[in-house]
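Here, each number is a calculation from the coordinates, and none is a lab measurement. Please read all numbers here as calculations on a predicted model, not as lab measurements. All Cβ positions, even for glycine, are placed from backbone atoms using ideal geometry, and neighbour counts span all protein chains on display.
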Amino acid sequence: MFNLEEIKLKLNKEQQEIKETLEEIQLEFEEVVSERTGATDELADQYEVKSETSLQKKILSNRLKQISRALKKIEEGTYGKCDNCHLDIEASRLNIDYAVNVCRKCSRG
Ligand SMILES: [Zn+2]
């Protein structure tokens, strides 16, 4: 059996951390953009920061969605079930990442 209270705490904690990281990234990004001077190498830097920022944001947003989904499943009483085939997700999988929402088979498909 899973300790749902403990998992919920972990998920809530990670959710909070990701939100804070997203805010930090956004602030840093705005700082870089506001330092616009027009020099070509700086524009290249800005471009790099821009694509790096959007990539980071995308990864974090996806993780955030995954966590929200897992939290919702705890509430619904379906935690540990695959979103796709509705069978149990392997415990070994959940031990590695307690926010996974699909079983091994479905994650490959
Ligand atoms: Zn499945």
Could you give the angle, 0 to 90 degrees to the nearest 10, between helix 40-76's Cα long axis and the longest principal axis of the Cα atoms of the chain?
20 degrees
At q = 0.10, 0.14, 0.15, 0.16 Å⁻¹, what log₁₀ I(q)/I(0) does the chain have when each alpha carbon counts as one equal point scatterer in the Debye sum?
-0.42, -0.66, -0.71, -0.76
Per the 1/(1 + (r/R0)^6) rule, R0 = 41 Å and r from the Cβ atoms of Cys85 and Ser51, FRET efficiency to 0.05 is 0.70
For the chain, calculate the relative contact order in percent as a whole number, restricting contacts to Cα pairs under 8 Å that are 6 or more residues apart.
25 percent
Under the 0.36 nm per residue contour assumption, what length would be gained going from the current alpha-carbon distance of Glu42 and Arg63 to full extension?
4.4 nm
Between helix 4-34 and the chain: long-axis angle, C-alpha atoms, 0 to 90°, nearest 10
10 degrees
Among region 46-81, those whose backbone N falls under 13 Å of a label point 7 Å along Cα→Cβ from Lys10 are 71, 80
For the chain, set up a GNM with springs between Cα atoms under 10 Å and report which of Leu71, Leu60, Leu43 has the largest fluctuation.
Leu43
